[in-house]
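Reviewing the structure listed below.
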Amino acid sequence: MWDFIWNDFLVTGEPIIYGAMASIVLATVGIVFVLTYFKLWKWLWDEYLTTVDHKKIGIMYIIAALAMLFRGGVDALMMRTQLALPNMNFLNSVHYNEIFTTHGTVMILFMAMPFIIGLMNVAVPLQIGARDVAFPFLNAFSFWTFFFGAMLFNISFVIGGSPSAGWTSYVPMAGPELSPEINQNYYLLALQLSGIGTLATGINFLVTILRMRAPGMTLMKMPIFTWSALITSIIIIFAFPILTIALALMTLDRIFGTHFFTLAGEGMPMMWANLFWLWGHPEVYIVILPAFGVFSEVISTFARKQLFGYKAMVYAMCVIAGLSFVVWVHHFFTMGAGAGVNSLFSITTMLIAVPTGIKIFNWLGTMYKGRIRFNVPMLWALAFIPNFTIGGVTGVMLGMASADYQYHNTYFLIAHFHYVLIAGTLFGMFAGLTYWYPKMFGHKMNEKIGKISFWFTVIGFNITFLPQFFLGLMGMPRRTYTIEPEWMPLNLLSTAGAFILATGFVIFTFNIYYSARYEPREKTGDAWDGRSLEWATTTPVPHYNFATIPYVNSHEAYWDMKETGATTYDESKLEPIHMPSYKGLPIIMSAIMFMASFGLVWHWFWLAIPGLLGVIICMVIRSFDFDEGYHVPIDEIKRTEEQARGRKE
Amino acid sequence: MSEHAELKTGPLEYRREDGPLTILGFWIFLAAEVVLFSTLFATYAVLFGRYGDATPAHELFEMPMALTMTFLLLVSSFTCGIAVHMMRKESLKGLVIWLIITLALGLGFLGFEIYEFVHYVHEGATIQSSAFWSAFFTLTGTHGLHVTLGVFWCTAIIIQLIRFGLTPVIARKTFIIGLYWHFLDVVWIFIFTAVYLIGMVV
Ligand code: HEM
Ligand SMILES: [Cu+2]
């Protein structure tokens, strides 16, 4: 028993891991102590763990995403440290493999995705003048499955060992023959668990946006960020079931001995690559389109102009969404598909540059002759344009099948996708968070610290990744744990850049703490002289969002309201507001799913089967739950609104 | 969510404001299910004929068996339609009776499917035998699991109908399980054609 726990269950023998274990234990003890000492357990349970309020769920998503940014960021720094000099002995090869795998997976699935979904949760219902999402209970459930999925993935490095076959998990590397340990199972079940939540989010937001818009808001009058959320939801609905199946098949291969992707039994390893990227490429657009949406909002607000080419923006997003499903083969041009297939996918890949280019020109057009304010969200948007363009142009270079034989799996690719993911998604999320921050917490983020963190990030980012294009052309392969002497100078530079970049992230997070303590409280709710409906409510936003819902005439609903002096509080039109009750079931059910998945990871059917039964019991409980929620009485609405608006005068 | 205002006319399941919302959500969920099953069908097509050392499909598939299963499921879809028709006529008793008949047919289908699987396993074709058989058992098994879930779900709804009567909320749930059941029927028709018919010929 002890032997099993020490040798198989826990990961032992690595000083870094002992350090990690110690810090996990200390952090847990610390959190438990603080919660107990300040008697916060009940508050936490009542206000957050059981919440079905989209605004709080959004905040929880974003906190989790920032935590995961640090996890993935520490991984990145460890890798960069190992690659700084030839013959470094910081990480051994096995450990390096585990770290690039967890870094990639965490960053894409547990950082970028929740960040985006978090911002969607915060902003979309407010932008369309809705009181909540269509299925609040399901929304809470989505969050908790994501959260427990992320936890399952994260415990792997102290319990049982991390997966090490890359975030793409190509077979046979990830298959039962070459990775017989349990670690790859963590990847499969963690992604499966959080994937369920993502699919539910897609359905939820699609229905919300289709059915719960304020009167008068036709599709072509929706704010552009809501459009991006709509398209993203559609991509999720068509892409995630593919991932579900791919993961399930590999799980069957690994745990139940089937032959989908194996070399024996006439299985087909290439099928994994096809299924994975059939989901994986659309996934890239799931994480970029909402960022485009954020930039559009931010640029129009801070250039004080209506978005230039609104319709073109919408159509461009639709085209991108469609094309995203027909380019997946560009991820394995070199794996022998043949010239015909490669040419076809080369063309579809390069076609995506067209609508993307249209969007870039629209952003420039919006700024043209605008009276630009250089606040922090706008700085992120401005930095995005040139940096993302570098990522896009190098992407077109990679899209040329013949040329790809040269750069394939080199640092050129690493540089390309970090230019897209960091300058696109991450800058977008930082812009969006700073932009909606006053809506979420009732105060802005400090501008000065924000600017310092911005410059550290942007400069550090370029120092880190620009040299990597050249390293790639010099032939440095990706996923290598040691470098040749001639690659040293550029690698050293890149590593230095990574630390500057990381400093930028740290300052960004410090800003959250600093602003909470020292920034002046927001009075109006309209922090940036905004144009869409989310700025029409007070700050902090009442839990019912809008006391009365306005009639919408254009995609700049609030701008129109400001011109006519209308508000979202019309005392004569007040009616009791129906709201859903808070529920503990989503977190409990997800926790049980976590147990079941953990059991499957370890092939412990004594845990997995009761876990699955528990899930079914939870579903039955839910089915027999006829709780109708409650009504906020008119008096209470009046009190809340007068208090909030009284402060305004 | 705003007021759950109730309309006085129209089908029961649409009378509350959250009725159409949930039903639309379920349609979208079914779209996701279409993608899910399409992926499985594609996998099956790719792995078709990859038997390795295992018995080929045409030596095991039997027409009477596949036809019986098809018949049971098709009829159950029909009785499920009658159930919803009864609901429209606000006949609680008719609704419950036809749902129970649907359930019985569904259970019959599952019985045959289990029998079929056991039979194949005895003949040496298991999910581990080769790529083809992995794909076969996974595709049909996923459909079977869906039917099993549907059976439990339908049972829960019958209990609710008996205990609480025909309210707009339970009408909505009944309507949704109806959609689900028809969907499984459609998927089965594809399985019957792509797996059994083609498997017997090729
Ligand atoms: C904090 C700044 C970051 C640094 C310094 C960094 C650095 C690295 C390094 C050194 C690698 C491994 C290269 C190799 O050996 O193959 C890597 C891989 C990767 N990174 Fe980052 N990264 C950062 C941020 C991000 C972000 C924000 C994302 C996504 C949103 C991301 C996604 C990925 C992916 C998908 C891989 C591929 C993993 C694999 O090969 O399986 N990275 N990164
Ligand atoms: Cu791609």
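The table for this structure:
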quantity	calculated
A:L85 vs. criteria touching a residue at least 12 places away in the same chain (Cβ under 8 Å), more than 9 Å from ligand 1 (Cβ to nearest atom), away from chain B (no Cβ under 14 Å) and within 19 Å of A:R478 (Cβ to Cβ)	yes
Single unsatisfied condition, A:E522 versus (1) under 27 Å from the mean Cα position of the chain (by Cα); (2) more than 14 Å from A:L83 (Cβ to Cβ)	(1)
Residue match in segment A:52-63 (condition: more than 16 Å from ligand 1 (Cβ to nearest atom) and part of a loop (DSSP other than H, G, I, E, B))	yes
Residues that are closer than 25 Å to A:K444 by Cα and among the hydrophobic types (A, V, I, L, M, F, W, C), drawn from segment A:363-382	A:W363, A:M367, A:I372, A:F374, A:V376, A:M378, A:L379, A:W380, A:A381, A:L382
Which numbered condition A:T81 misses (of (1) more than 27 Å from the chain's Cα centre (by Cα); (2) more than 27 Å from A:S194 (Cβ to Cβ); (3) assigned to a helix (DSSP H, G or I))	(1)
For A:F276: the one exception among (1) surrounded by fewer than 21 Cβ atoms within 10 Å (Cβ to Cβ); (2) within 14 Å of ligand 2 (Cβ to nearest atom); (3) among the aromatic types (F, W, Y)	(1)
Residue match in segment A:411-420 (condition: touching an Asp or Glu at 6+ places or on another chain (Cβ under 7 Å) and either modelled with pLDDT of 95 or more or within 15 Å of ligand 1 (Cβ to nearest atom) (or both))	no
Wholly enclosed helices (runs of 4 or more DSSP H) of segment A:356-462 bearing at least 1 residues crowded, with 17+ Cβ neighbours inside 10 Å and among the β-branched types (V, I, T)	A:376-399, A:411-420, A:427-441
Selection from segment A:244-269 of residues that are in a helix (DSSP H, G or I) and either more than 9 Å from chain B (Cβ to nearest Cβ) or within 30 Å of A:Q306 (Cβ to Cβ) (or both)	A:L247, A:M250, A:T251, A:R254, A:I255, A:P269
Answer from A:E641, A:E575 - the residue that is within 14 Å of chain B (Cβ to nearest Cβ) and among the charged types (D, E, K, R)	A:E575
Filter result (more than 7 Å from chain B (Cβ to nearest Cβ) and of a type in the set (D, E, K, R)) within segment A:198-214	A:R213
Residue match in segment B:96-115 (condition: modelled with pLDDT of 95 or more, more than 18 Å from the chain's Cα centre (by Cα) and closer than 30 Å to B:T9 by Cα)	yes
Single residue of segment B:167-198 satisfying the filter (small (G, A, S) and crowded, with 20+ Cβ neighbours inside 10 Å) that is farthest from B:T148 (Cα to Cα)	B:A171
Residues being assigned to a helix (DSSP H, G or I) and either at positive phi or more than 14 Å from chain B (Cβ to nearest Cβ) (or both) - total across segment A:162-197	11
Condition broken by A:S581, with the remaining ones in (1) of a type in the set (S, T, Y); (2) surrounded by 14 or more Cβ atoms within 10 Å (Cβ to Cβ); (3) within 14 Å of chain B (Cβ to nearest Cβ) satisfied	(2)
Set A:Y61, A:Y18: member being surrounded by 13 or more Cβ atoms within 10 Å (Cβ to Cβ), among the hydroxyl-bearing types (S, T, Y) and closer than 21 Å to A:Y96 by Cα	A:Y18
Failed condition for A:Y48, given (1) within 30 Å of A:A431 (Cα to Cα); (2) within 14 Å of ligand 1 (Cβ to nearest atom); (3) aromatic (F, W, Y)	(2)
Residue match in segment A:502-514 (condition: free of Cβ contacts under 8 Å to residues at least 40 places away in the same chain, within 10 Å of ligand 1 (Cβ to nearest atom), surrounded by 16 or more Cβ atoms within 10 Å (Cβ to Cβ) and away from chain B (no Cβ under 14 Å))	no
Tally of residues being under 22 Å from the mean Cα position of the chain (by Cα) and more than 15 Å from A:F148 (Cα to Cα) across segment A:39-49	1
Residue in segment A:589-606 that is within 14 Å of chain B (Cβ to nearest Cβ) and in a helix (DSSP H, G or I) present	no
Output for segment B:84-135, where each listed residue is within 14 Å of another protein chain (Cβ to nearest Cβ) and either out of contact with any helix residue (DSSP H, G or I) (no Cβ under 9 Å at 6 or more places or on another chain) or among the aliphatic types (A, V, I, L, M) (or both)	B:V121, B:G124, B:A125, B:I127, B:A131, B:A135
Matching option when the condition is closer than 25 Å to B:V35 by Cα, more than 16 Å from ligand 1 (Cβ to nearest atom), within 14 Å of chain B (Cβ to nearest Cβ) and surrounded by 16 or more Cβ atoms within 10 Å (Cβ to Cβ), among A:F325, A:F345	A:F325
Identity of the residue in segment A:542-556, away from chain B (no Cβ under 14 Å) and out of contact with any Phe, Trp or Tyr (no Cβ under 9 Å at 6 or more places or on another chain), that ends up nearest to A:Q306 (Cα to Cα)	A:E556
Some residue of segment A:301-313 being over 30 Å from A:W455 (Cβ atoms) and hydrophobic (A, V, I, L, M, F, W, C)	yes
Selected residue (only one of A:I231, A:I299, A:I235 is part of a helix (DSSP H, G or I), within 14 Å of chain B (Cβ to nearest Cβ) and of a type in the set (A, V, I, L, M))	A:I235
Filter result for A:A291 (within 14 Å of chain B (Cβ to nearest Cβ) and touching a helix residue (DSSP H, G or I) at 6+ places or on another chain (Cβ under 9 Å))	no
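To keep it simple, each residue is scored yes or no on (1) within 16 Å of ligand 2 (Cβ to nearest atom); (2) touching a Ser or Thr at 6+ places or on another chain (Cβ under 8 Å).
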| position | (1), (2) |
| --- | --- |
| A:H103 | no, no |
| A:I108 | yes, no |
| A:G118 | no, no |
| A:Q127 | no, yes |
| A:F137 | no, no |
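The values are calculated or read from the model by the stated rules, or taken from the named source; none is laboratory data. The shown structure was predicted, so the numbers you read here are calculated from the model rather than taken from an experiment. When we count neighbours, we look across all protein chains shown, and the Cβ atoms used for this are built from the backbone with ideal geometry, even at glycine.
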